[in-house]
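Enquirer: Below you'll find the structure I mean.
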Amino acid sequence: MRLPSRVKLVEVGPRDGLQNEKQLVPTAVKVALVHRLQDAGLRDIELTSFVSPKWVPQMADNAQLMAAIARRPGVRYSVLTPNLQGFEAALALEPAFWPDEIVVFGAASEAFSQRNINCSIAQSMERFRPVVEAARARSIHVRGAMSCAVGCPLEGEVAPERVGFLAGLMKDIGVQHIGVCDTIGVGTPTKVQRALEATLAHFDIDDVSGHFHDTYGQALANTLASLEMGVWQFDASVSGLGGCPYAKGATGNVATEDLVYMLHGMDIATGIDLGQLVEAGQFISDFLQRIPGSRAATALRARRGSEARP
């Protein structure tokens, strides 16, 4: 077994992490968070989504946010555009503020697709097709996310064949990179590996990533199981922000701090400064008035505190 020597992390906290927060986060706070993440070395950041503010009020400032970010060379900025209207809204901005990448998402569970986006899996692909075509025509990279890849709050366990089916549909409409998402955090290493195997029948290993929630404390174990298969790209959310509104008890994505701590301890490079990342997580946690959702961050801050005492 040979593990990757380097891992790319996609920071999804500003979008996936904050989208379900009931407390509206001001644009200035979101901008400050993104800048702190950049300072920590994150080079792939999912900023916002172009959806109706009626359904996701937290993302109503999407255009203002895109215009306010001080962009860094070498950083890829992505946004969620679930339909052509959202994509066109993202490109209504000045070209300097366009996203480098868009994200479309489908569910491996038919019931979840109906509940989440009010259409079947097949219908969702037809909805995404013109979005993907429009993005690629403008040389904007397209990433796809497959939710409920190992478990669904409505259907229960999801068979790998369903994941492979969805991956094939995503490939057919022109998606360039695919994420295998354990949306409600019920996955275990073997189940995740089976979902990845089904995905790899359609996408190259360099075009596959993992997106693991930590509801049952399995996210790091699932990451390790993915690394053992050669997967080297993962989504993570600073301070463990996020959750799924359709699954009671579902926590956020794996905390970026915890993932970086594990990877660095395995001598796997990330290009991320863990100390600065911890401070970024503390910043947004302070605003939300909660304890940071990262165990590594909590332990590191406690250790610094004890070392500072006379």
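The numbers here are math on the coordinates, done by the rules we state, and not lab data. All of these numbers come straight from a predicted model, not from anything done at the bench. Cβ atoms come from the backbone with ideal geometry, glycine included; neighbour counts cover every protein chain shown.
Enquirer: Rounded, prolate or oblate: which fits the stretch 1-95 when a ≥ b ≥ c are the square roots of the eigenvalues of the alpha-carbon gyration tensor, with rounded for a/c under 1.5 and prolate only if a/b beats b/c? Mind dumping the intermediate values first?
Expert: Details: a/c = 1.65, a/b = 1.60, b/c = 1.03.
Prolate is the answer for the stretch 1-95, as a/c is 1.5 or above and a/b outweighs b/c.
Enquirer: In addition: Looking at this model, which pairs from Lys8/Lys54; Lys54/Lys191; Lys171/Lys191 are more than 28 angstrom apart at the alpha-carbon?
Expert: Over 28 Å apart, Cα to Cα: Lys8/Lys54; Lys54/Lys191.
Enquirer: Classify the stretch 159-200 as rounded, prolate or oblate, taking a ≥ b ≥ c as the square roots of the eigenvalues of its Cα gyration tensor: rounded when a/c is under 1.5, otherwise prolate if a/b is larger than b/c and oblate if not.
Expert: prolate
Enquirer: If you don't mind, there's one more thing I want to ask. Going through the DSSP H helices of the chain, which span 15 Å or more along their own axis at the Cα atoms while scoring at least 0.0 as a mean Kyte-Doolittle hydropathy?
Expert: Values: long enough: 27-39 (18 Å, 0.35); 121-137 (24 Å, -0.09); 160-172 (18 Å, 0.04); 189-200 (16 Å, -0.25); 274-288 (21 Å, 0.79); 295-308 (20 Å, -0.76).
Within the chain the helices that satisfy the rule are 27-39, 160-172, 274-288.
Enquirer: Cα centroids of the stretch 24-40 and the stretch 168-242: how far apart, whole angstrom?
Expert: Answer, in whole Å: 26.
Enquirer: For the stretch 252-310, rounded, prolate or oblate, judged on the Cα gyration tensor with a ≥ b ≥ c (square roots of eigenvalues), a/c < 1.5 rounded, else prolate if a/b > b/c?
Expert: Values: a/c = 2.03, a/b = 1.16, b/c = 1.75.
Note, shape of the stretch 252-310 comes out oblate.
Enquirer: Another question, if that's okay. Mind checking which of Gly210, Gly144, Gly275 has the largest fluctuation in a GNM of the chain, springs on alpha carbons under 10 Å?
Expert: Comparing Gly210, Gly144, Gly275 in the GNM, the peak value goes to Gly275.
Enquirer: Place the peptides 41-47, 59-65, 181-187 in order of packing, highest mean first, counting for every residue the other Cβ atoms within 10 Å and averaging per peptide.
Expert: Sorting 41-47, 59-65, 181-187 by mean packing, highest first, produces 181-187, 41-47, 59-65.
Enquirer: If you count, for each residue, the other Cβ atoms within 10 Å and average over each peptide, how do 189-197, 13-21 line up from highest to lowest?
Expert: With the highest mean Cβ count within 10 Å placed first, the list reads 13-21, 189-197.
Enquirer: Restricting the count to DSSP beta bridges whose residues both fall in the chain, what percent are antiparallel, rounded to a multiple of 5?
Expert: Counting only bridges with both partners in the chain, antiparallel ones make up about 10 percent.
Enquirer: Now for a different question. Toward the positive end of the charge dipole of the chain, about the Cα centre and with charges on Cβ (Lys, Arg +1; Asp, Glu -1), which of Trp55, Val29, Pro130 goes farthest?
Expert: Val29
Enquirer: Using the Cβ atoms and a cut-off under 11 Å, what net charge is assigned to the surroundings of His35, where Lys and Arg are +1 and Asp and Glu are -1?
Expert: +3
Enquirer: Of the candidates Asn83, Asn118, Asn253, which one comes out as most mobile in a Gaussian network treatment of the chain with C-alpha springs shorter than 10 Å?
Expert: Comparing Asn83, Asn118, Asn253 in a Gaussian network model of the chain, the most mobile one is Asn118.
Enquirer: With +1 on each Lys and Arg Cβ and -1 on each Asp and Glu Cβ, and nothing else charged, work out how big the dipole of the chain is about its Cα centre, in Debye to the nearest 20.
Expert: I would put it at about 480 debye.
Enquirer: Could I ask something else about it? Mind ordering 168-176, 30-38 by average Cβ neighbours within 10 Å, highest first? Write out the running numbers ahead of the final one.
Expert: On the way: 168-176: 19.0, 30-38: 21.2.
Final packing ranking: 30-38, 168-176.
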